[in-house]
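Just below is one structure, and these are the notes that go with it.
The values are calculated or read from the model by the stated rules, or taken from the named source; none is laboratory data. Here the structure is a predicted model, which is why all the values come from computation and not from measurement. All Cβ positions, glycine included, derive from the backbone under ideal geometry; neighbour counts span all protein chains shown.
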Amino acid sequence: MNPVLTEHPSQPSRLTRAGGVLIVLAIAAAVVLALSRTGLDDTPSYRSLTVENPTPYIINIEVTGAERDGWFDVGSVRRENRQTFEETPDPGEQWVFRFSYGGADAGELAVSRDELEGDGWRVTVPAETAERLREAGLSESVR
């Protein structure tokens with residue numbers, strides 16, 4: 001009787017082991033790339049924004065983007081003053097500012113990111129804001 005010789009390697013060949021390592025590395029690289037792209041797309045950028053308020057009212061400021069999909073409370077600026085706000089979220093190419101005082105709507109101002117950048121990340125509360133508040137019967141803020 002002739003014994004039949006069959007190979008049953010007790011360890012995988014080096015070629016199989018190297019192929020497995022390459023597959024694992026390729027999958028890991030794809031996962032890292034996908035996660036890094038997602039993180040970049042979802043991570044908001046922030047700006048230091050200075051608001052000039054020439055009006056005789058304390059002005060509350062909110063900002064949103066062109067889609068108007070949510071407002072961010074920037075803060076308040078005392079009358080006839082300026083305030084710099086650190087870490088204001090950048091809503092995109094179009095910034096829409098909403099102004100108010102004492103619960104009264106004082107209007108909006110739309111500005112492009114390019115305009116803001118050109119103005120050194122400064123925005124001035126429009127004179128119409130004070131006019132709207134006067135027409136609403138609101139007294140000027142106390143200094």
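How many residues does the range 105-134 hold that are over 14 Å from Thr55 (Cα atoms) and either at pLDDT below 95 or assigned to a helix (DSSP H, G or I) (or both)? Residues in the range 105-134 being over 14 Å from Thr55 (Cα atoms) and either at pLDDT below 95 or assigned to a helix (DSSP H, G or I) (or both): 6 in total.
Exactly one residue out of Val77, Val96 is surrounded by 13 or more Cβ atoms within 10 Å (Cβ to Cβ), more than 13 Å from the chain's Cα centre (by Cα) and within 15 Å of Ser48 (Cα to Cα): that is Val77. Residues that are farther than 19 Å from Gly120 by Cα, charged (D, E, K, R) and part of a loop (DSSP other than H, G, I, E, B) within the range 57-103 comprise Glu67, Arg68, Asp69, Arg78, Arg79, Glu80, listed in sequence order. Cβ separations smaller than 7 Å between residues 6+ apart or across chains give the following pairs from the range 63-81 residues that are without any contact (Cβ under 8 Å) to a residue 12 or more places away in the chain to residues that are among the hydroxyl-bearing types (Ser, Thr, Tyr): Gly70/Thr64. Residues in the range 83-128 that are more than 21 Å from Glu140 (Cα to Cα) and among the hydroxyl-bearing types (Ser, Thr, Tyr): Thr84, Thr88, Ser112.
Checked against the criterion of being surrounded by 14 or more Cβ atoms within 10 Å (Cβ to Cβ) and outside any strand (DSSP E or B), the range 41-53 has no qualifying residue.
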